[in-house]
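Have a look at the structure below, then the notes.
The values are calculated or read from the model by the stated rules, or taken from the named source; none is laboratory data. Not measured: the values here are computed from a predicted model. Positions of Cβ are backbone-derived with ideal geometry, glycine not excepted, and every protein chain shown enters the neighbour counts. Side chains included, ligands, DNA and RNA excluded: accessible areas come from the protein's heavy atoms. Shrake-Rupley method; radii C 1.70, N 1.55, O 1.52, S 1.80 Å.
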Amino acid sequence: MEHVINGFKNAFNFTDRLSRKGYWYFVLATVGLQTIFYILSIVCTAMEMSGVAVIALALYLITAIISAIPSISAAARRLHDINKSGWTMLIGIVPIIGPLYLLYLVCLAGDKGDNRFGSPKN
């Protein structure tokens, strides 16, 4: 829970570093919550419970919007942990190869010591 709270506290921090563990806990929490709301909306639609489906879909959209900037910030800080610029995220616009390369990068272990983006963080 600490990593998720720190992810939102550092929503506009694009300069520090973020550990692999911290990044994946944040991603797991935000994407997991969005997935739950989305599946709930699909199930409620199939069961013809349109009121609940609309609420679930609205919650999905709200969580997606609220977590957009913190997710970009977390990805930038994660890239800083492996001594890459946050702008490296733009490689993700290249179809198929770009997102796969970004996935590879965020899975790499961070630099052990200091790098040009500062000291390692938890």
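The table below lists the values:
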read-out: Entry for percent of Cα pairs over 27 Å apart (calculated from the structure that is shown) out of (i) 27; (ii) 7; (iii) 17; value: (i)
read-out: Average Cα contact separation per residue, segment 33-78, under 8 Å, 6 or more apart, as relative contact order %; value: 39 percent
read-out: Globularity index of segment 53-120, i.e. its alpha-carbon radius of gyration over 2.2 N^0.38 Å; value: 1.38
read-out: Relative contact order, percent, the chain [alpha-carbon distance under 8 Å, six or more residues apart]; value: 34 percent
read-out: Kyte-Doolittle mean at least 0.5 and Cα axial length at least 30 Å: DSSP H helices in the chain; value: 20-46
read-out: Separation in nanometres of the label points that stand 7 Å from Cα toward Cβ, at SER119 and ASN83; value: 1.9 nm
read-out: Sorted peptide list for 79-86, 107-114, 66-73, criterion being average Cβ within 10 angstrom, highest first; value: 79-86, 66-73, 107-114
read-out: Mean ellipticity per residue at 222 nm, deg cm²/dmol - from DSSP H runs of n ≥ 4 across the chain, formula -39500 (n - 2.57); value: -21000 deg cm²/dmol
read-out: Accessible area (Å², per residue) of the chain, counting only protein heavy atoms and a probe of 1.4 Å; value: 64 Å²
